[in-house]
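Following: one structure in structure tokens, then a few remarks.
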């Protein structure tokens, strides 16, 4: 079967990604599953576990295979729900860069391009802007930290390590 002409190369490329729900209220577990099901186009039942550093809260990890650009759609769906801490990654393809998104209630969404090894990539123009606008070493350090997502990493790190050793379930979007 021929690929429809109206699809872009990035839409045809399949990629892999992971959704990490680090911190969600119990009442939002089902709405999160519904949102993921809608974006991924498959029925999604997530295995929820208590978040060790916030026992009244829940956490989950979900790996997926779907067209490139799915991570952005997942983030858009999840940020509609209140009081969530989450991350979404998408691996690069031959026609698209990898991406990493981090979200906290207080900071909002951080988005960065990601290398095949998981490193945050910062483009040349953004670095030049920091170099030209920094007044001193400390302001440069702060601006570079924002480009790398340091405030999000600082807030999420305790939630990440609390979930080490958790099983990951793979979901594949078909068709």
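Derivation of every value follows stated rules applied to the coordinates shown; laboratory data play no part. Bear in mind the structure is a predicted one, so any value in this text is a computation, not a measurement. Glycine gets a Cβ as well: all are built from the backbone with ideal geometry, and neighbour counts include every protein chain shown.
Listing for the model above:
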quantity: Which label in (1) 17.4; (2) 16.0; (3) 19.5 gives the computed Kirkwood radius over Cα pairs in Å; calculated: (1)
quantity: Added length on full extension, which subtracts the Cα-Cα distance from 0.36 nm per residue, residue 13 to residue 140; calculated: 42.0 nm
quantity: Using a Förster distance of 25 Å, the FRET efficiency for residue 158-residue 97 (Cβ separation, nearest 0.05); calculated: 0.30
quantity: Gap separating the Cα centres of region 112-135 and region 72-95, nearest whole Å; calculated: 20 Å
quantity: Order by protection proxy (mean Cβ within 10 Å, highest first), peptides 70-80, 111-121, 129-139; calculated: 70-80, 111-121, 129-139
quantity: The chain - percent relative contact order, Cα under 8 Å, separation 6 or more; calculated: 25 percent
quantity: Residue-averaged 222 nm ellipticity for the chain, from DSSP H runs of 4+ at -39500 (n - 2.57), nearest 500; calculated: -10000 deg cm²/dmol
